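Structure record follows, encoded as structure tokens.
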Amino acid sequence: MPEAGTVLVLACGALARELLEIVKINDFDHVKVECLPAILHNHPDRIPGAVAERLDSVAGHFDHVFVGYADCGTGGMLDKVLDVRGVERLPGSHCYEFFATGPVFSELHEAEIGTLYLTDYLVRHFDRLIFRGLGLDRHPELRDAYFGNYTRLLYLAQTDDSALTVQAEEAAARLGLRFERRSTDYGELQSTVVEFTHRKAG
């Protein structure tokens, strides 16, 4: 039997730092964070199956489980997995939306559709996931194929880290995009996890 009030947040590995900090600053001693590999973001079709497998394996070990994914490109398939198990997830379509908050992201998207968004995680791993991940280091001519319709790189910053801002500016320059930065803190990631935890504790 699970210990009374225990909560598991099963999340994308790209959110590990932020979730662990949220647990720490809110003194959530009864909340455990477990992350699936962030590389699943490159294969969204695999996310529902990976989440389903882990949810089934931890069934009965926690009083409550919350999934730290948005839809993340699964086209509603993740929601089908969660609905049959009665599990909630983060709001929105992707991490850019819940970090910026839904209304703000809608405004940003409508103002300039050709925007490449980066979070703290994506800035840290820009070279591995985007530049080398898309083969731009070997085939720079692919830049236009991938980003020819983009006009800006918008860094949605969770932290006030000058080194990350420099890295984000460099990423924009490498892709030939105008750079902008917007501070988001943890946005709806924090408010949703905190609200879920308090609601279940009550």
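Mind listing whichever residues of segment 57-84 are part of a helix (DSSP H, G or I) and either touching a residue at least 24 places away in the same chain (Cβ under 8 Å) or touching a Phe, Trp or Tyr at 6+ places or on another chain (Cβ under 8 Å) (or both)? Break it down stepwise before answering.
Looking only at segment 57-84, we keep the residues that are part of a helix (DSSP H, G or I), and these are 57-58, 77-84.
Those that are part of a helix (DSSP H, G or I) and either touching a residue at least 24 places away in the same chain (Cβ under 8 Å) or touching a Phe, Trp or Tyr at 6+ places or on another chain (Cβ under 8 Å) (or both): Val58, Met77, Leu78, Lys80, Val81, Leu82.
Answer yes if at least one residue in segment 10-24 is free of Cβ contacts under 8 Å to residues at least 40 places away in the same chain, out of contact with any helix residue (DSSP H, G or I) (no Cβ under 9 Å at 6 or more places or on another chain) and farther than 30 Å from Leu134 by Cβ, and no otherwise.
yes
Which one of the conditions (1) crowded, with 17+ Cβ neighbours inside 10 Å; (2) more than 18 Å from the chain's Cα centre (by Cα); (3) not basic (Lys, Arg) does Asp161 fail to meet, given that it meets all the rest?
Unmet condition: (1).
Would you mention how many residues in segment 156-181 are part of a strand (DSSP E or B) and in contact (Cβ under 8 Å) with a residue 60 or more places away in the chain?
Counting residues in segment 156-181 that are part of a strand (DSSP E or B) and in contact (Cβ under 8 Å) with a residue 60 or more places away in the chain gives 1.
Among the residues in segment 181-192, are any within 27 Å of Lys32 (Cβ to Cβ) and surrounded by fewer than 17 Cβ atoms within 10 Å (Cβ to Cβ)?
Checking segment 181-192: at least one residue is within 27 Å of Lys32 (Cβ to Cβ) and surrounded by fewer than 17 Cβ atoms within 10 Å (Cβ to Cβ).
Looking at segment 31-58 only, could you name the residues that are surrounded by 18 or more Cβ atoms within 10 Å (Cβ to Cβ) and modelled with pLDDT under 95?
Leu40, His41
The values are calculated or read from the model by the stated rules, or taken from the named source; none is laboratory data. The shown structure was predicted, so the numbers you read here are calculated from the model rather than taken from an experiment. All Cβ positions, even for glycine, are placed from backbone atoms using ideal geometry, and neighbour counts span all protein chains on display.
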